[in-house]
1. Output the residues belonging to segment 238-258 that are crowded, with 19+ Cβ neighbours inside 10 Å and at negative phi.
2. Looking at this structure, is Ala231 free of Cβ contacts under 8 Å to residues at least 40 places away in the same chain, open to solvent by less than 50 Å² (accessible area, probe 1.4 Å) and either aliphatic (A, V, I, L, M) or part of a helix (DSSP H, G or I) (or both)?
3. Could you tell me whether segment 269-281 includes any residue that is among the aliphatic types (A, V, I, L, M), open to solvent by 20 Å² or more (accessible area, probe 1.4 Å) and assigned to a loop (DSSP other than H, G, I, E, B)?
4. Six or more apart or on different chains, Cβ atoms under 7 Å: show the pairs whose first residue is in segment 23-40 and at negative phi and whose second is outside any helix (DSSP H, G or I).
5. Report yes if some residue within segment 108-115 is in contact with a Lys or Arg (Cβ under 9 Å, 6 or more places away or on another chain) and not hydrophobic (A, V, I, L, M, F, W, C); otherwise report no.
6. Taking the conditions exactly as written (open to solvent by 10 Å² or more (accessible area, probe 1.4 Å), charged (D, E, K, R) and within 30 Å of Thr85 (Cβ to Cβ)), does Arg26 satisfy them or not?
7. What pairs come up if the first residue lies in segment 366-382 and is over 16 Å from Gly90 (Cα atoms), the second is surrounded by 13 or more Cβ atoms within 10 Å (Cβ to Cβ) and acidic (Asp, Glu), and their beta carbons are under 6 Å apart, counting only those six or more places apart or on different chains?
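The values are calculated or read from the model by the stated rules, or taken from the named source; none is laboratory data. All figures in this text were calculated on a predicted structure; none of them were measured in a lab. Counting neighbours? That spans all protein chains shown, and the Cβs are built from the backbone with ideal geometry, glycine included. For accessibility, only protein heavy atoms count, side chains too; no ligands or nucleic acids. Shrake-Rupley method; radii C 1.70, N 1.55, O 1.52, S 1.80 Å.
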Amino acid sequence: MAQVLLNIDEPATAFRGPVMLASGHRPFFLMAGLYGTAALPAWVAAYLGYLPLTPTWHGHEMIFGFAVAAIAGFLMAAVPKWTRTPAIAGWPLVFLIVLWVAGRVAMWAGQAVFLDLLFLPALGAMVLAQLLRARNARNYQVAGVLFVLAAVNGLFHFHDQSFALRLAILMVIALVSLIGGRIIPAFTQNALRQKFGRPIACATPRILDVLAVPSVLAVVAAELFLPGSPAAAVAALAAALVLAARMAGWQTARTLRLPLVWVLHVGYAWVPVGFLLMGLAGLGAPVDPSAALHALTAGAIGVMILAVASRAALGHSGRALEPSPLTVLAYVLVIAAAVVRVFVPWDGAVTVAGGLWFLGYGLFAVVYWPILTRPRIDGLPG
């Protein structure tokens with residue numbers, strides 16, 4: 001049975017202007033897809049000696065360029081639903097787009113890099129204003145993550161680039177753990193009910209929900225105050241255990257014929273894998289620390305962004321939540337890129353993984369360009 005789940009809580013007020021400015025998820029998901037398609041091949045070219053780009057530039061642009069654009073797209077789709085407030089649209093959205101683009105131009109040119117510091121505070125302020133207006137205290141922490149990321153970006157530019165990137169990755173993973181723990185069980189339960197015609201519970205023990213994000217923040221604290229210590233390794237292993245156990249009741253095995261659902265599970269599963277590898281490396285096991293890092297970035301962040309962006313774009317266009325075969329192929333390619341980068345001990349793994357990522361995100365950009373740039377097919381605003 002096809003998975004046909006439509007969003008019913010959509011904006012009620014029409015935006016009179018270009019469709020791309022009707023909701024922030026449109027330009028920012030598209031920019032994330034295009035930038036993910038372009039920036040990683042540029043890094044592979046630099047890795048092979050053809051461009052003068054550094055590893056820290058690569059890390060910065062994949063987090064503060066690519067991932068932050070996708071986070072912005074998700075929040076601009078989700079926050080109006082959380083708060084029942086109007087979506088960020090029109091000139092305020094243009095302002096955010098200009099700030100994000102200016103930051104990317106500055107980072108590529110190596111000039112006026114202070115421009116890169118402007119986007120996250122502006123986004124955080126707009127998101128916080130919506131949350132405060134609705135007194136949506138449950139999600140104040142989401143705005144808090146944006147401001148912490150803004151501060152970490154300042155740390156990158158003015159203090160220690162490698163240290164800042166490690167912190168930034170962990171803060172994005174904390175956001176993945178927070179949001180993923182909310183949406184994945186709910187989306188899975190709805191999809192399984194549609195497929196099997198009966199309720200199938202996707203439950204998480206309360207204690208694991210309570211511990212999930214703090215377990216990631218404990219790794220952040222260890223990175224801040226005890227970097228490279230056995231205590232930091234133990235914190236990473238504890239986070240891996242908590243986050244893996246959290247998935248036990250999510251009915252993952254039942255989702256294998258539901259690509260739009262299983263890809264969320266795969267993206268989230270990379271988080272405990274990354275922390276497991278991080279902990280083992282910290283305790284002296286023969287694990288490349290870079291493998292742990294890329295399990296969290298290419299694996300968790302890369303796959304989860306593709307999963308959430310493809311689902312949200314369909315739902316917010318009025319379409320059924322049924323991915324096209326090319327979208328499923330994009331999932332497979334990006335997952336394969338992460339597997340190669342993390343688990344294949346070969347000098348050419350970076351190049352192969354980069355090529356797979358390029359194909360995966362390139363497919364996403366091609367498939368979702370018309371979805372994100374055209375009006376909703378159901379005639380609703382947004």
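1. Step one: filter segment 238-258 for residues crowded, with 19+ Cβ neighbours inside 10 Å, giving 239-240, 242-243, 246-247, 250-252, 255, 258.
Listed by number, the residues that qualify are Ala239, Ala240, Val242, Leu243, Arg246, Met247, Trp250, Thr252, Thr255, Leu258.
2. Values: free of Cβ contacts under 8 Å to residues at least 40 places away in the same chain: yes; open to solvent by less than 50 Å² (accessible area, probe 1.4 Å): no; either aliphatic (A, V, I, L, M) or part of a helix (DSSP H, G or I) (or both): yes.
So Ala231 fails the test.
3. Of all residues in segment 269-281, those among the aliphatic types (A, V, I, L, M) come to 269, 271, 273, 276-278, 280-281.
From what is left, the residues that are open to solvent by 20 Å² or more (accessible area, probe 1.4 Å) are 269, 273, 276-278, 280-281.
Adding the requirement that they be assigned to a loop (DSSP other than H, G, I, E, B) leaves none.
Taking every residue of segment 269-281 in turn, none turns out to be among the aliphatic types (A, V, I, L, M), open to solvent by 20 Å² or more (accessible area, probe 1.4 Å) and assigned to a loop (DSSP other than H, G, I, E, B).
4. What qualifies is Ser23/Ala87; Ser23/Ala89; Ser23/His316; Ser23/Gly382; Gly24/Ala87; Gly24/Ile88; His25/His316.
5. No, the conditions are met nowhere in segment 108-115.
6. On the way: open to solvent by 10 Å² or more (accessible area, probe 1.4 Å): no; charged (D, E, K, R): yes; within 30 Å of Thr85 (Cβ to Cβ): yes.
So Arg26 does not fit the description; no.
7. Cβ pairs passing all conditions: Leu380/Glu10.
Every residue, every condition in (1) touching an Asp or Glu at 6+ places or on another chain (Cβ under 9 Å); (2) at pLDDT 95 or above; (3) not in a helix (DSSP H, G or I), yes or no:
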residue: Leu296; (1), (2), (3): no, yes, no
residue: Ala300; (1), (2), (3): no, yes, no
residue: Ser317; (1), (2), (3): yes, no, yes
residue: Pro323; (1), (2), (3): no, no, yes
residue: Val334; (1), (2), (3): no, yes, no
